[in-house]
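Notes to accompany the following structure.
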Amino acid sequence: MDQHKLRSLVFDKTGVRIDVDDPVFALVALNEAVLEEAVERHVARIDAASHELARLAGAAPAASPPVHGGHRAHDAAHDSPREPAAHGHAPHGAAHPPGYVPTPPAGAVRPISTQSPLITPRELRLLAAAAGIAILSALIVLGGQALFRTPAPALSADQAQALQRAERLEQALHNLDPKLRAQLPAELQK
């Protein structure tokens with residue numbers, strides 16, 4: 001970890017000046033150590049999986065690069081991705097690098113599924129829970145409306161008779177002569 005490079009990078013991006021004795025560098029070192037440990041675990045898992053895949057394919061497992069002081073030793077093939085040996089191809093006429101495993105024939109290796117289902121079981125459970133909550137909320141709202149709604153007042157017998165009489169008068173008005181019907185509103189206002 002180059003502290004001077006990090007200092008200048010922080011200053012360039014934020015305008016904040018930090019000293020090499022700043023406690024933030026302790027956090028950077030801690031982060032670096034945790035990241036290194038996690039990477040080592042993942043590399044070990046990938047190595048184990050590749051050995052298992054090679055075993056299932058019937059090929060001899062590739063030798064892992066030796067581990068020195070918690071760091072993997074890299075050869076020129078790993079450091080330079082543009083080298084032909086990095087891709088497992090040796091230049092024409094050259095010997096294969098140590099640990100070279102030829103690609104198994106096409107039929108020997110099962111394809112790995114790269115597609116996931118449209119809806120996972122977890123998403124299906126979440127969707128069901130959301131639907132249940134929505135239905136429960138709707139039922140609570142409808143129950144509250146039914147509980148707190150005041151019913152329409154019932155008509156008394158006199159009011160019902162008056163409404164029937166008004167309906168009969170309305171029908172009788174429609175049966176009158178149009179000339180007489182036109183005079184009736186003027187007579188009612190007197």
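In this simple spin-label approximation, Arg168 and Ala48 carry label points 7 Å from Cα along the Cα→Cβ vector, and these lie 9.8 nm apart. What the phi angles of segment 172-186 give under the Karplus curve with 6.51, -1.76 and 1.60, with θ = phi - 60°, is a coupling list of 5, 4, 5, 7, 6, 5, x, 5, 5, 4, 5, 7, 4, x, 5 Hz, glycine and proline written as x. Straightening the chain between Ile18 and Leu188 buys 51.5 nm, computed as 0.36 nm per residue apart minus the Cα-Cα spacing. Derived scalar couplings between HN and Hα for segment 22-29 equal 5, x, 5, 6, 5, 5, 4, 5 Hz in order, rounded to whole Hz, by the Karplus curve 6.51 cos²θ - 1.76 cosθ + 1.60 (θ = phi - 60°), x for Gly and Pro. Lys179: which aspartates and glutamates have alpha carbons under 18 Å from its alpha carbon, excluding same-chain residues fewer than 8 sequence positions away? Within the straight-line cut-off, Lys179 pairs with Glu170, Glu187.
What order do you get for Leu53, Leu9 when you list them from fewest to most C-beta neighbours inside 10 Å?
By the 10 Å Cβ count, ascending: Leu9, Leu53.
In a fully extended conformation the segment linking Leu142 and Leu124 would gain 3.8 nm over its present Cα-Cα distance, using 0.36 nm per residue.
Rule-based calculations on the coordinates, nothing more; no lab input. Treat the numbers as computed from the prediction; the structure is a model and nothing was measured. Methodologically, a virtual Cβ is constructed for each residue, glycine included, from the backbone with ideal geometry; neighbour enumeration extends over all protein chains shown.
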